[in-house]
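Inspection log for the structure reproduced underneath, given as structure tokens.
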Amino acid sequence: GVEIRVVDADGNDVEPGTPGEVWLQSDSASVGYWDDPEHTSQTIVDGWLRTGDLMVARPDGVLEFVGRLKELIIKGGSNISPGEVEQVLDEHPAVENSAVVGAPDARLGEVIHAFVELEPDAPDGFGEQEVRAYAEQKLAAYKVPDRWTFLTELPRNDLDKLDMVTLHKMAEAAAD
């Protein structure tokens, strides 16, 4: 069998509804990385395999994927999942697609930069003010994006997936 835990940054179990990293323990789980004790010690903790996946346990026990730990935005000590913010932005009827990344900030470490692609039939002049107001109704204040870029189309790679490298570069350039 496989045992699963959802834990905080200190390795403590979190309550259902709270995002955390998934840790697995199983007889068939990896015992480590060949000839790489440092990587092994970061990945295997007391026999538990750190997946790097962020999930939320629903009250019925089902796990919902939130994102990857390395994608986490750390803003002034608060952890923000880009996927959670994107989900809210994408629910707005005028938003076709969104992507959220951390952008460097001298005071907070990182701030939230949202890239938004509007629906083709979005009203003229529709933009940051309207989407920000929507986000403020649905998200905790610290999770509302600090910077916004509206694009005709979000950049995609050859596999038609969002080009996160380009988006990170754009966010860094906007921060300068």
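The values are calculated or read from the model by the stated rules, or taken from the named source; none is laboratory data. This structure is a prediction, so every number in the text was calculated from the model and none was measured. Every residue, glycine as well, gets a Cβ built from its backbone with ideal geometry; the counts of neighbours run over all protein chains shown.
Of the residues that sit in region 94-131 and are assigned to a helix (DSSP H, G or I) and in contact with a strand residue (DSSP E or B) (Cβ under 7 Å, 6 or more places away or on another chain), which one is modelled with the lowest pLDDT?
Within region 94-131, the first condition is being assigned to a helix (DSSP H, G or I), and the residues that meet it are 128-131.
Pick out the ones that are also in contact with a strand residue (DSSP E or B) (Cβ under 7 Å, 6 or more places away or on another chain) and you get 128, 131.
Values: GLU128: 91, VAL131: 96.
Checking each candidate, the answer is GLU128.
Cβ-Cβ below 6 Å, separation at least six or inter-chain, first residue in region 21-33 and within 13 Å of THR51 (Cα to Cα), second acidic (Asp, Glu) and modelled with pLDDT under 90: which pairs?
Cβ pairs passing all conditions: VAL22/ASP53.
Which pairs turn up if I take residues in region 133-156 that are in contact (Cβ under 8 Å) with a residue 60 or more places away in the chain and look for partners that are part of a strand (DSSP E or B) and among the small types (Gly, Ala, Ser) with beta carbon separation below 6 Å, at least 6 apart in sequence or on another chain?
TYR142/SER78; PRO145/ALA114
One residue is enough: does region 42-50 have a residue meeting the conditions in contact with a helix residue (DSSP H, G or I) (Cβ under 8 Å, 6 or more places away or on another chain), closer than 16 Å to ALA171 by Cβ and surrounded by 15 or more Cβ atoms within 10 Å (Cβ to Cβ)?
Scanning region 42-50, I find no residue that is in contact with a helix residue (DSSP H, G or I) (Cβ under 8 Å, 6 or more places away or on another chain), closer than 16 Å to ALA171 by Cβ and surrounded by 15 or more Cβ atoms within 10 Å (Cβ to Cβ), so the answer is no.
State which residue is nearest to the chain's Cα centre (by Cα) when the search covers only region 56-103 and only residues that are within 19 Å of GLU15 (Cβ to Cβ) and touching a residue at least 60 places away in the same chain (Cβ under 8 Å).
Checking each candidate, the answer is SER81.
When you look at GLU96, is it more than 30 Å from SER30 (Cβ to Cβ), in contact with a Leu (Cβ under 8 Å, 6 or more places away or on another chain) and not small (Gly, Ala, Ser), yes or no? I'd like the intermediate steps shown before the answer.
On the way: more than 30 Å from SER30 (Cβ to Cβ): yes; in contact with a Leu (Cβ under 8 Å, 6 or more places away or on another chain): yes; not small (Gly, Ala, Ser): yes.
Yes, satisfied.
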